[in-house]
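Input: a single structure, listed below in structure tokens.
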């Protein structure tokens, strides 16, 4: 997965909520969009928290501000995907907001990183497999150009 950054795999646009949103509205939003959490942004679009299904179930309150997690771990667009993976695993996080210039530009989930792992390119010159959202600029084995890579379809259950 070398060379891939958070900006390459992030989901955008991001579904966000305001701190004064009701818990029912957030529950409806998460359910409707089939997502597990949403960044909480203020009037200027600055991330002030993250509200998750867990927060809705485990905490009491009437608004997002009452239950949201305020210690939000974020990454930048150029954070290496390996660093993203470590944060998701080591800190047992499910979602990482992606910031650029202090503003929310995307979100990376465990599913985004797993999907990246499932994408494999094969060099037509030497047969070297490379995993990543895109082929590398050149084959690490024979040096062939990126145009020589072909997307390898993964069989179900692979």
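The values are calculated or read from the model by the stated rules, or taken from the named source; none is laboratory data. Keep in mind that what you see is a predicted model, and the values were worked out from it rather than measured. Note: ideal-geometry Cβ built from the backbone for every residue, glycine included; neighbour counts use all protein chains shown.
Criterion first (under 20 Å from residue 26 (Cβ atoms), crowded, with 19+ Cβ neighbours inside 10 Å and more than 11 Å from the chain's Cα centre (by Cα)) does residue 96 satisfy it?
no
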_Cβ-Cβ under 6 Å, sequence separation 6+ or interchain: first residue in region 123-152 and touching a residue at least 40 places away in the same chain (Cβ under 8 Å), partner surrounded by 13 or more Cβ atoms within 10 Å (Cβ to Cβ) and part of a strand (DSSP E or B). Which pairs?_
131/120; 136/130
*Test result for residue 106, assigned by TED's automatic domain parsing to the domain that holds residue 14 and under 15 Å from residue 6 (Cα atoms)*: yes
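Rundown of residues vs (1) farther than 30 Å from residue 56 by Cβ; (2) in contact with a helix residue (DSSP H, G or I) (Cβ under 6 Å, 6 or more places away or on another chain), yes/no style:
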{"site": "82", "(1), (2)": "yes, no"}
{"site": "90", "(1), (2)": "no, no"}
{"site": "117", "(1), (2)": "no, no"}
{"site": "124", "(1), (2)": "yes, yes"}
{"site": "134", "(1), (2)": "yes, no"}
{"site": "140", "(1), (2)": "yes, no"}
{"site": "144", "(1), (2)": "yes, no"}
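Taking helices (runs of 4 or more DSSP H) that fall entirely within region 16-128, which contain at least 2 residues that are touching a strand residue (DSSP E or B) at 6+ places or on another chain (Cβ under 9 Å) and closer than 30 Å to residue 144 by Cα?
81-90, 110-118
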